[in-house]
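Worksheet: one structure, shown below.
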Amino acid sequence: MADITFHSMADSAYLWTAMHVADEKGVSYDFVPLVYRSPEHLRLHPFGKMPVLQHGAHFLYETAAIAHYIDKAFDGPPLQPSDALGQAHVVRWISIVNAYIFPVMNRFMKEKLVRPAWGFEPDQAFIESAREPLALQVRLIDETVTETPYLAGKSLTIADSFLLPHLLFFSKVPEGAALLAKAPGATKWLVRMRERPSYLRSPLRGLFDAMPSRGSQVA
(Lines give C-alpha, C1' and ligand atoms only; values in the text may rest on other atoms or scores of the structure.)
Protein backbone atom coordinates (compact mmCIF):
# COMPACT_ATOMS: atom_id res chain seq x y z
CA MET A 1 0.00 0.00 0.00
CA ALA A 2 1.35 3.42 -0.94
CA ASP A 3 2.13 5.99 1.73
CA ILE A 4 0.03 8.75 0.14
CA THR A 5 -2.38 9.35 -2.74
CA PHE A 6 -2.46 12.25 -5.16
CA HIS A 7 -5.82 13.29 -6.63
CA SER A 8 -5.29 15.33 -9.79
CA MET A 9 -5.43 15.55 -13.54
CA ALA A 10 -2.39 13.76 -14.93
CA ASP A 11 -1.09 16.77 -16.89
CA SER A 12 -0.83 19.15 -13.94
CA ALA A 13 2.62 20.70 -13.56
CA TYR A 14 1.99 21.02 -9.84
CA LEU A 15 1.18 17.33 -9.61
CA TRP A 16 4.60 16.69 -11.17
CA THR A 17 6.18 18.92 -8.53
CA ALA A 18 4.41 17.08 -5.70
CA MET A 19 5.39 13.70 -7.15
CA HIS A 20 9.00 14.84 -7.48
CA VAL A 21 9.06 15.90 -3.83
CA ALA A 22 7.69 12.49 -2.83
CA ASP A 23 10.28 10.72 -5.01
CA GLU A 24 13.10 12.76 -3.47
CA LYS A 25 11.80 11.99 0.02
CA GLY A 26 11.37 8.28 -0.73
CA VAL A 27 7.61 8.37 -0.15
CA SER A 28 5.49 5.98 -2.22
CA TYR A 29 2.29 7.26 -3.80
CA ASP A 30 -0.78 6.30 -5.77
CA PHE A 31 -2.50 8.49 -8.33
CA VAL A 32 -6.27 8.93 -8.65
CA PRO A 33 -7.40 10.96 -11.68
CA LEU A 34 -9.88 13.80 -11.27
CA VAL A 35 -12.39 15.15 -13.77
CA TYR A 36 -11.74 18.89 -13.95
CA ARG A 37 -14.17 20.88 -11.79
CA SER A 38 -16.37 17.86 -11.21
CA PRO A 39 -18.29 17.72 -7.91
CA GLU A 40 -15.60 15.36 -6.59
CA HIS A 41 -12.83 17.77 -7.65
CA LEU A 42 -14.51 20.78 -6.03
CA ARG A 43 -15.19 18.78 -2.88
CA LEU A 44 -11.47 18.10 -2.54
CA HIS A 45 -10.29 21.55 -3.68
CA PRO A 46 -12.83 24.40 -3.45
CA PHE A 47 -10.85 26.51 -5.96
CA GLY A 48 -10.75 23.73 -8.55
CA LYS A 49 -6.96 23.44 -8.64
CA MET A 50 -4.68 20.45 -8.21
CA PRO A 51 -3.20 18.27 -6.86
CA VAL A 52 -4.82 17.21 -3.62
CA LEU A 53 -2.84 15.04 -1.20
CA GLN A 54 -4.50 12.26 0.77
CA HIS A 55 -2.66 10.78 3.74
CA GLY A 56 -4.88 8.41 5.64
CA ALA A 57 -8.00 10.33 6.60
CA HIS A 58 -6.36 13.70 5.95
CA PHE A 59 -6.68 15.73 2.74
CA LEU A 60 -4.48 18.69 1.90
CA TYR A 61 -4.45 21.07 -1.05
CA GLU A 62 -2.07 23.78 -2.30
CA THR A 63 1.24 22.40 -3.54
CA ALA A 64 3.47 24.49 -1.27
CA ALA A 65 1.62 23.04 1.73
CA ILE A 66 1.73 19.54 0.24
CA ALA A 67 5.49 19.72 -0.38
CA HIS A 68 6.11 21.03 3.14
CA TYR A 69 3.94 18.30 4.64
CA ILE A 70 5.66 15.49 2.75
CA ASP A 71 9.04 16.78 3.88
CA LYS A 72 8.04 17.08 7.53
CA ALA A 73 5.70 14.10 7.94
CA PHE A 74 8.00 11.36 6.64
CA ASP A 75 11.47 10.07 7.28
CA GLY A 76 14.05 10.61 4.58
CA PRO A 77 16.51 13.28 3.47
CA PRO A 78 15.47 16.79 4.54
CA LEU A 79 14.24 18.90 1.64
CA GLN A 80 14.39 22.25 3.44
CA PRO A 81 17.28 23.91 5.29
CA SER A 82 17.15 24.16 9.05
CA ASP A 83 18.34 27.78 9.25
CA ALA A 84 16.05 30.77 8.89
CA LEU A 85 17.84 32.32 5.90
CA GLY A 86 17.96 29.03 4.03
CA GLN A 87 14.25 28.50 4.63
CA ALA A 88 13.57 32.03 3.44
CA HIS A 89 15.41 31.34 0.17
CA VAL A 90 13.28 28.23 -0.37
CA VAL A 91 10.07 30.19 0.23
CA ARG A 92 11.32 33.02 -2.01
CA TRP A 93 11.99 30.66 -4.91
CA ILE A 94 8.64 28.91 -4.52
CA SER A 95 7.02 32.34 -4.62
CA ILE A 96 9.03 33.28 -7.74
CA VAL A 97 7.94 30.09 -9.50
CA ASN A 98 4.28 30.47 -8.53
CA ALA A 99 3.95 34.21 -9.16
CA TYR A 100 6.19 34.78 -12.18
CA ILE A 101 7.57 31.63 -13.80
CA PHE A 102 4.44 29.49 -13.90
CA PRO A 103 2.13 32.11 -15.47
CA VAL A 104 4.64 32.94 -18.24
CA MET A 105 6.90 29.92 -18.85
CA ASN A 106 4.15 27.33 -18.52
CA ARG A 107 1.78 29.20 -20.82
CA PHE A 108 4.55 29.93 -23.33
CA MET A 109 5.26 26.21 -23.61
CA LYS A 110 1.56 25.47 -24.08
CA GLU A 111 1.21 28.15 -26.76
CA LYS A 112 4.22 26.80 -28.67
CA LEU A 113 3.69 23.05 -28.22
CA VAL A 114 0.26 22.10 -26.89
CA ARG A 115 -2.02 24.39 -28.91
CA PRO A 116 -0.43 23.50 -32.29
CA ALA A 117 -0.62 19.80 -31.37
CA TRP A 118 -4.38 20.26 -30.89
CA GLY A 119 -4.74 22.18 -34.16
CA PHE A 120 -5.04 25.66 -32.65
CA GLU A 121 -3.06 28.75 -33.57
CA PRO A 122 -0.82 30.06 -30.76
CA ASP A 123 -1.47 33.48 -29.25
CA GLN A 124 1.27 35.48 -30.96
CA ALA A 125 0.59 38.59 -28.87
CA PHE A 126 1.24 36.64 -25.68
CA ILE A 127 4.33 34.99 -27.17
CA GLU A 128 5.84 38.38 -27.99
CA SER A 129 4.93 39.86 -24.61
CA ALA A 130 6.54 36.91 -22.83
CA ARG A 131 10.01 37.21 -24.35
CA GLU A 132 11.33 39.87 -21.96
CA PRO A 133 10.07 38.26 -18.70
CA LEU A 134 11.33 34.86 -19.88
CA ALA A 135 14.80 36.27 -20.47
CA LEU A 136 14.76 37.79 -16.97
CA GLN A 137 13.59 34.53 -15.40
CA VAL A 138 16.25 32.40 -17.10
CA ARG A 139 18.95 34.95 -16.23
CA LEU A 140 17.92 34.93 -12.55
CA ILE A 141 17.87 31.11 -12.46
CA ASP A 142 21.25 30.98 -14.18
CA GLU A 143 22.86 33.46 -11.78
CA THR A 144 21.52 31.58 -8.76
CA VAL A 145 22.57 28.06 -9.74
CA THR A 146 25.94 29.26 -11.00
CA GLU A 147 26.76 30.28 -7.43
CA THR A 148 25.31 27.13 -5.81
CA PRO A 149 24.32 23.73 -7.28
CA TYR A 150 20.66 24.20 -6.35
CA LEU A 151 18.28 27.13 -5.94
CA ALA A 152 18.65 27.43 -2.15
CA GLY A 153 22.19 26.18 -1.64
CA LYS A 154 24.30 23.06 -1.91
CA SER A 155 21.44 20.59 -1.48
CA LEU A 156 18.22 20.03 -3.40
CA THR A 157 15.13 21.48 -1.74
CA ILE A 158 11.44 21.58 -2.53
CA ALA A 159 12.15 24.85 -4.39
CA ASP A 160 13.99 22.87 -7.08
CA SER A 161 10.99 20.55 -7.39
CA PHE A 162 8.78 23.58 -8.08
CA LEU A 163 11.00 24.86 -10.87
CA LEU A 164 11.79 21.54 -12.54
CA PRO A 165 8.61 20.93 -14.61
CA HIS A 166 8.58 24.45 -16.01
CA LEU A 167 12.22 24.73 -17.07
CA LEU A 168 12.22 21.13 -18.28
CA PHE A 169 9.36 21.62 -20.73
CA PHE A 170 10.46 25.15 -21.64
CA SER A 171 13.66 23.57 -22.95
CA LYS A 172 11.52 21.83 -25.59
CA VAL A 173 10.74 25.05 -27.48
CA PRO A 174 13.33 26.89 -29.62
CA GLU A 175 13.12 30.02 -27.49
CA GLY A 176 13.79 28.04 -24.34
CA ALA A 177 16.66 26.13 -25.91
CA ALA A 178 18.16 29.42 -27.14
CA LEU A 179 17.97 31.07 -23.73
CA LEU A 180 19.43 28.01 -22.02
CA ALA A 181 22.28 27.90 -24.54
CA LYS A 182 23.35 31.27 -23.11
CA ALA A 183 22.78 30.16 -19.50
CA PRO A 184 25.32 27.44 -18.66
CA GLY A 185 24.45 27.40 -14.97
CA ALA A 186 20.77 26.80 -15.65
CA THR A 187 21.62 24.18 -18.27
CA LYS A 188 23.85 22.30 -15.82
CA TRP A 189 21.14 22.53 -13.16
CA LEU A 190 18.64 20.96 -15.53
CA VAL A 191 21.06 18.18 -16.48
CA ARG A 192 21.82 17.64 -12.78
CA MET A 193 18.11 17.35 -11.98
CA ARG A 194 17.54 14.89 -14.82
CA GLU A 195 20.37 12.66 -13.59
CA ARG A 196 18.86 12.24 -10.13
CA PRO A 197 17.14 8.91 -9.34
CA SER A 198 13.97 10.86 -8.49
CA TYR A 199 13.68 12.04 -12.09
CA LEU A 200 14.68 8.73 -13.65
CA ARG A 201 11.80 6.94 -11.91
CA SER A 202 9.34 9.84 -12.17
CA PRO A 203 6.38 10.09 -14.58
CA LEU A 204 7.99 13.38 -15.63
CA ARG A 205 10.63 11.49 -17.58
CA GLY A 206 8.12 9.68 -19.77
CA LEU A 207 6.03 12.81 -20.28
CA PHE A 208 9.08 14.83 -21.30
CA ASP A 209 10.29 12.18 -23.73
CA ALA A 210 6.84 11.84 -25.29
CA MET A 211 6.11 15.55 -25.66
CA PRO A 212 6.64 16.96 -29.18
CA SER A 213 9.43 19.50 -29.52
CA ARG A 214 9.90 22.46 -31.82
CA GLY A 215 13.62 22.83 -32.39
CA SER A 216 16.59 21.80 -30.29
CA GLN A 217 16.42 20.94 -26.61
CA VAL A 218 18.65 20.29 -23.64
CA ALA A 219 20.30 16.87 -23.96
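Give the residue, chosen from VAL35, VAL27, that is of a type in the set (Val, Ile, Thr), outside the structural domain of PRO203 (by TED's automatic domain parsing), out of contact with any Ser or Thr (no Cβ under 7 Å at 6 or more places or on another chain) and surrounded by fewer than 18 Cβ atoms within 10 Å (Cβ to Cβ). Even if it seems obvious, please write down each step before you answer.
On the way: VAL27 fails: surrounded by fewer than 18 Cβ atoms within 10 Å (Cβ to Cβ).
Residue meeting the stated conditions: VAL35.
Do you know which of the residues in the stretch 193-215 that are farther than 27 Å from THR148 by Cβ and assigned to a loop (DSSP other than H, G, I, E, B) is modelled with the lowest pLDDT?
Step one: list which residues in the stretch 193-215 are farther than 27 Å from THR148 by Cβ, which gives 203, 206-207, 209-215.
Subsequent filtering for residues that are assigned to a loop (DSSP other than H, G, I, E, B) retains 211-215.
Working: MET211: 69, PRO212: 62, SER213: 60, ARG214: 54, GLY215: 41.
The qualifying residue modelled with the lowest pLDDT is GLY215.
Determine which member of the set ILE66, ILE94 is β-branched (Val, Ile, Thr) and touching a Phe, Trp or Tyr at 6+ places or on another chain (Cβ under 8 Å). Before the answer, list the steps.
On the way: ILE66 fails: touching a Phe, Trp or Tyr at 6+ places or on another chain (Cβ under 8 Å).
Checking each option against the conditions leaves just ILE94.
Got a sec? Which helices (runs of 4 or more DSSP H) wholly within the stretch 12-87 have at least 3 residues that are under 24 Å from MET1 (Cα atoms) and of a type in the set (A, V, I, L, M, F, W, C)? Outline the logic, then answer.
On the way: elements: 13-25, 39-44, 63-73.
Qualifying helices (runs of 4 or more DSSP H): 13-25, 63-73.
Starting from the stretch 148-168, keep only residues that are among the hydrophobic types (A, V, I, L, M, F, W, C), then list their pairs with residues that are buried (at least 24 other Cβ atoms within 10 Å of the Cβ) and not in a helix (DSSP H, G or I) whose Cβ atoms are within a distance under 8 Å, requiring at least 6 positions of separation or different chains.
What qualifies is LEU151/THR157; ALA159/LEU151; ALA159/ALA152; LEU163/LEU151.
Considering each of MET19, MET1, MET50 in turn, give the residue that is out of contact with any Pro (no Cβ under 6 Å at 6 or more places or on another chain), of a type in the set (A, V, I, L, M) and modelled with pLDDT under 95.
Working: MET19 fails: modelled with pLDDT under 95; MET50 fails: modelled with pLDDT under 95.
Exactly one of MET19, MET1, MET50 is out of contact with any Pro (no Cβ under 6 Å at 6 or more places or on another chain), of a type in the set (A, V, I, L, M) and modelled with pLDDT under 95, namely MET1.
Which condition breaks for VAL114 when tested against (1) surrounded by 15 or more Cβ atoms within 10 Å (Cβ to Cβ); (2) modelled with pLDDT of 95 or more?
With (1) surrounded by 15 or more Cβ atoms within 10 Å (Cβ to Cβ); (2) modelled with pLDDT of 95 or more applied to VAL114, the lone miss is (2).
Within the stretch 74-96, is even one residue surrounded by fewer than 19 Cβ atoms within 10 Å (Cβ to Cβ) and closer than 18 Å to ALA13 by Cα?
Yes, the stretch 74-96 has at least one match.
Looking at ARG139, ARG196, which one is in contact (Cβ under 8 Å) with a residue 12 or more places away in the chain and more than 17 Å from ILE101 (Cα to Cα)?
Checking each option against the conditions leaves just ARG196.
Check whether at least one residue in the stretch 177-191 is in contact with a strand residue (DSSP E or B) (Cβ under 9 Å, 6 or more places away or on another chain) and either surrounded by 18 or more Cβ atoms within 10 Å (Cβ to Cβ) or on the phi < 0 side of the Ramachandran plot (or both), and report yes or no.
For the stretch 177-191, residues in contact with a strand residue (DSSP E or B) (Cβ under 9 Å, 6 or more places away or on another chain) and either surrounded by 18 or more Cβ atoms within 10 Å (Cβ to Cβ) or on the phi < 0 side of the Ramachandran plot (or both): present.
Which of the residues that make up the stretch 103-135 are assigned to a loop (DSSP other than H, G, I, E, B) and either β-branched (Val, Ile, Thr) or in contact (Cβ under 8 Å) with a residue 12 or more places away in the chain (or both)?
Taking the stretch 103-135 and keeping what is assigned to a loop (DSSP other than H, G, I, E, B), we get 118-123.
If the condition is that a residue be assigned to a loop (DSSP other than H, G, I, E, B) and either β-branched (Val, Ile, Thr) or in contact (Cβ under 8 Å) with a residue 12 or more places away in the chain (or both), then ASP123 is the only one that fits.
For residues in the stretch 88-126 being closer than 13 Å to PHE170 by Cβ and among the β-branched types (Val, Ile, Thr), which is farthest from the chain's Cα centre (by Cα)?
Among those that are closer than 13 Å to PHE170 by Cβ and among the β-branched types (Val, Ile, Thr), it is VAL114.
The values are calculated or read from the model by the stated rules, or taken from the named source; none is laboratory data. Note that the structure is predicted; figures quoted are calculated from it, not measured. Virtual Cβ from ideal backbone geometry, glycine too; neighbours counted across all protein chains shown.
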